[in-house]
Every structure is written in structure tokens, then in C-alpha cells.
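Below is one structure, written out as C-alpha cells; the observations come after it.
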Amino acid sequence: MTPRHSSGHGTAGSGRPRASSRGMLAEAAGELFLEQTYAGTTVDDIARRAGVSRATFFNYFSSKSDLLWLEVDESLAAFPAMLAAAGDDVEPMTAVLAAVVRLADGFGPERLPLAVTQVELMGTDGELQASALPRFLTVVRQVEAAIARRTGDDPGGLLPRAAATAVVGAAVAAAGVWARAGVGRGPLTPVMRDAVEPVCAGFATVLANR
């Protein structure tokens, strides 16, 4: 994390300029989570450290847990476009694999949510699991819809849903293993491909043999 610095224009005791940016709030939250754990930090603490009001915090984040997912959420916002990027003649699971790999390309040793690598120190393991579920389900629906669009299946049908759930589950497993690999971790993309490619290949065979 970037060290805090003093400024004569900040709120008294905040040590920061008065600014209302996502980055400032995220930086303040990261510092506080490390200093006093996730559970021991309130929204008011974060706003005070960043030199903004509680209302300003909620202009940027709907909950404290959103701060744990800042980089992930920013990348996931572009994922539907990645799923749609392949031409209509591309096999469904090939298109899905390409999108997942492209998403993974945006992460590396220098771009990883701090809460993931400092789970024990921040005390965020339980919160990460709870707040991961709605994100997991959203991505499953996106992959499911992308597969169904290319196969002509009902988006709520068993095969698109099973394939999407398996792909996202493999991706989550890859991200977890990579995140916990420590400072010597390499890029995420090869790990993600190793986990997701066999799943896509298996469902590609099922789709081709129907």
C-alpha cells in the first residue's frame, strides 16, 4: 500500500487531502483492514481516514465488502463484452475459454486484491466467501447466456447452466490457488487456462455429440 502522507488541506487527523475518489477510499480501507482487521473497521473509519463523509463513501460503494472486490469488479464489468467478442462461427466453449483467458490476462503479481493475499491478517476469509456468491452467480448467468446464444438452447436449460457453472467453478479454483501461491506467483493466465480448458473441452464434446 502507498504510505499515508500529511496535507494541510485534509480533515483534521485524517492525514489526507479532502477528495472523494474510489482509489482514496480503497487505499484507506486497505490500510485499516491491515491495522485493525476487516471486522474491526467500520465505514465511518474508512471515510474518516480518506477524509470524506459517510455519504460520499456510499456514492462509490454499496457496502464495505465491495472494497475487497474493487479490482475484480472493475474487470468483471467488461466480461460480457469479452464473451461476445468472438465471431458467431466460433464454437461456444472456445468462445467462453477465450473470454475467461482474456479476463485473466488483466491480473498479475502486481494486480491482486490485497484482501486475497492477506486473508489471515485482515480477517476477511468469511466475508470473502459470503460476498463472492452473488458475483459467482452473476458470472454463471453471463456465461450461460453466451453459451445458449451460440447453441440455440434455452438460457435456463440444463446444459448451458451446467457448463457455465463448471467453467466458473474451475476459474474460481484457479484464482484461489494462484492468489495463495505467495510472492513467487507468476501470471494468472496459465493457471486459469490449465483449470478451465479441460472443462471447456469436455462440454465442447458433449455439445458436438448431441
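At a glance:
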read-out	value
For D73: the one exception among (1) closer than 19 Å to R135 by Cβ; (2) crowded, with 17+ Cβ neighbours inside 10 Å; (3) modelled with pLDDT under 95	(2)
Residue in region 96-118 that is over 21 Å from V177 (Cβ atoms), at pLDDT 95 or above and either in a helix (DSSP H, G or I) or open to solvent by less than 30 Å² (accessible area, probe 1.4 Å) (or both) present	yes
Selection count, region 60-83, where residues are under 20 Å from L137 (Cβ atoms) and assigned to a helix (DSSP H, G or I)	16
A146 vs. criteria open to solvent by less than 30 Å² (accessible area, probe 1.4 Å) and either within 12 Å of L97 (Cβ to Cβ) or more than 18 Å from the chain's Cα centre (by Cα) (or both)	yes
Test: R193 is closer than 24 Å to A84 by Cβ, open to solvent by 70 Å² or more (accessible area, probe 1.4 Å) and assigned to a helix (DSSP H, G or I)	yes
Neighbours by Cβ (under 6 Å, 6+ apart or cross-chain): first from region 141-164, among the charged types (D, E, K, R); second open to solvent by less than 50 Å² (accessible area, probe 1.4 Å)	E144/P160; E144/A164; R150/P92; D153/P160; R161/E144
Number of the condition not met by F57 [criteria: (1) modelled with pLDDT under 90; (2) open to solvent by less than 30 Å² (accessible area, probe 1.4 Å); (3) assigned to a helix (DSSP H, G or I)]	(1)
Residue tally, condition closer than 17 Å to E71 by Cβ and in a helix (DSSP H, G or I), over region 175-190	6
Pick from region 84-95, criterion assigned to a helix (DSSP H, G or I) and open to solvent by 30 Å² or more (accessible area, probe 1.4 Å), ranking: modelled with the lowest pLDDT	A84
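The values are calculated or read from the model by the stated rules, or taken from the named source; none is laboratory data. Worth saying up front: this structure is predicted, and the values here are computed from it rather than measured. A quick note on method: Cβ atoms are made from the backbone with ideal geometry, for glycine too, and the neighbour counts reach across all protein chains shown. Side chains are part of the model used for accessible areas, which takes the heavy atoms of the whole protein and leaves out ligands, DNA and RNA. Shrake-Rupley method; radii C 1.70, N 1.55, O 1.52, S 1.80 Å.
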